[in-house]
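Accompanying notes for the structure given below.
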Amino acid sequence: MSGPLEGLRVLDASTILAGPLAAQILGDYGAEVIKVEHPARGDGMRGHGLDKDGESLWWKMISRNKRTIGLYLGDPDGARVFRDLAATADIVVENFRPGTLERWGLGYEVLSAANPGLILLRVTGFGQTGPYAARPAFGTLVEAMSGFAHLTGEPDGPPTLPAFGLADSIAGVAGAAAVSMALLHRASTGQGQVIDLDLLSPIMTAVGPGVIYADQLGIDQERTGNRSQNNAPRNTYRTADGHWLAISTSANTVAERVLKLVGHPEVVDEPWFGTGRERAQHADLLDACVGDWIAARTRSEVLAAFEDAGAAVAPVYKPSELIEDPQVKALDLVTTVEDETLGPIRMQNVMWRMSRTPGSIRSTGRPLGQDTDAVLSEVGLDADAIEDLRRRGVAG
């Protein structure tokens, strides 16, 4: 069986992090992805995170299933080679500042003239137009602007930013979905198109109904820590052996099971218990009922009791615990991949389990320019021409 995108070619000319993730997902499901990097600097992702024996571990994951070439697009000869590559591609992913591709002679009008079905995914912080279009932007900035930071943290504490690339990651998944829609449109019309994806839109959607609350009620939601304004008990609770557990009771039936389990069936009969919103107004009481019960028991005891009662609970894991979880193992959510340098390594598996066209991890992230000669020869450059580009720093 092969991935649903087998036979499609993607040029990934993007850098940290949303564009590369979108291209990685496309590659996971069968597309041939050619990673186009600056021949000297490479993608900044190569220097992000921890490394082992000089090998970037995050790079091994984010650039899996990609061939890699070094090509400087700002040089006229590099731009010409990129135009030749784009003529053979189905999708181009880029995240340069608006106007950069056009300045290099690589705008969509140029690329699509030779390839009308080309899909161009353009990822920027604030979109291709508008007063902020030219601003440099990273995920941290849109995590702040989107309302995420405003809602995250304790009520009496500062706004809190995530410890990972949340906005970029959500945008990367959104970008892969947008490309899939564009491919569906192309299948029926033959037409390519430009996708203008800003980092702000996806995380604004993920944050939830804050915009409509502000518009219709004049209310700005405030930080509630681990609690929710929509249901209770909903929090993290510490066990007798020092572990943390998370509980949610979005469904009324689950809330009833939890309170009966922890020895407070009388609370279930309170008139305010019937809706999550009203329970949230009594969070202090409910947290005390649940928290005291959990604090007297070990993590394993609490998890077993909740499972028997059909109540919702999950451990707060460290990554080293996550990879050993029996459900994670059963679904192969963390899978083992052979790396040509480090040997067997574990990383997150492909995102969706498809019965007829499953994805796969065929290779880990490769060294800069490892496939330059092979890829450039596929668009007609001979060894002398490639060596000339390399000598001049245009290819790597």
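The values are calculated or read from the model by the stated rules, or taken from the named source; none is laboratory data. Note that this is a predicted model, so its numbers are computed, not measured. Every residue, glycine among them, receives a Cβ derived from its backbone with ideal geometry; neighbour counts consider all protein chains shown. For accessibility, only protein heavy atoms count, side chains too; no ligands or nucleic acids. Shrake-Rupley method; radii C 1.70, N 1.55, O 1.52, S 1.80 Å.
Observations, loosely collected:
- Sorting 34, 16 by accessible area puts them as 16, 34; the probe is 1.4 Å, largest comes first, and only protein heavy atoms count.
- When both bridge partners sit in the chain, DSSP labels roughly 40% of those beta bridges antiparallel.
- Once the chain from residue 298 to residue 115 is taken as fully extended at 0.36 nm per residue, the excess over their C-alpha distance is 59.7 nm.
- Per-pair calculated FRET efficiency, R0 = 51 Å: residue 356 and residue 251 via Cβ, rounded to 0.05: 0.95
- Rounded to the nearest 20, the size of the Cβ-charge dipole of the range 217-323 about its Cα centre is 300 debye, with Lys and Arg at +1 and Asp and Glu at -1.
- Available extension along the chain between residue 133 and residue 53 is 24.9 nm, counting 0.36 nm per residue and deducting the alpha carbon span.
- Between the labelled values (1) 26, 50, 20, 4, 0; (2) 23, 45, 24, 8, 1; (3) 23, 48, 24, 4, 0, the entry that holds P(r) over Cα pairs in 20 Å bins from 0, in percent as derived from this structure is (3).
- Modelled label reach - residue 154, point 7 Å along Cα→Cβ, the range 224-238 residues with backbone N closer than 11 Å: 225-226
- Here the accessible area is traced with a 1.4 Å probe on the protein chains. For the range 105-154, carbon and sulfur cover 65 percent of it.
- Non-local lysine pairs in the chain, meaning eight or more places apart or on different chains, with alpha-carbon distances under 30 Å, amount to 13.
- Sequence-distant residues sharing a close amide H with residue 127 (under 5 Å, placed H): 199
- Charge dipole (Cα centre; +1 on Lys/Arg Cβ, -1 on Asp/Glu Cβ; no other charges) of the chain amounts to roughly 360 debye.
- Accessible surface, per residue, of the range 1-148 when the full set of protein chains is kept, probe 1.4 Å, Å²: 39
- Taking all protein chains together and rolling a 1.4 Å probe, residue 366 ends up with roughly 60 Å² accessible.
- With all protein chains in place and a 1.4 Å probe, the accessible surface of the range 304-376 carries 53 percent carbon and sulfur.
- Per residue value of the accessible surface for the range 281-396 (all protein chains in place, 1.4 Å probe), Å²: 58
- Cα-based Rg / Dmax (Å) for the range 46-137: 15.5, 45
- For residue 339, the amide hydrogen comes within under 5 Å of the amide hydrogens of 345, counting only partners 5 or more places away or on other chains and with H modelled in the peptide plane.
- Candidates 372, 335, 124: whichever shows maximal mean-square fluctuation once the chain is modelled as a Gaussian network with Cα springs under 10 Å: 335
- Distance from the range 259-329 to the range 339-396 (C-alpha centre basis), Å: 47
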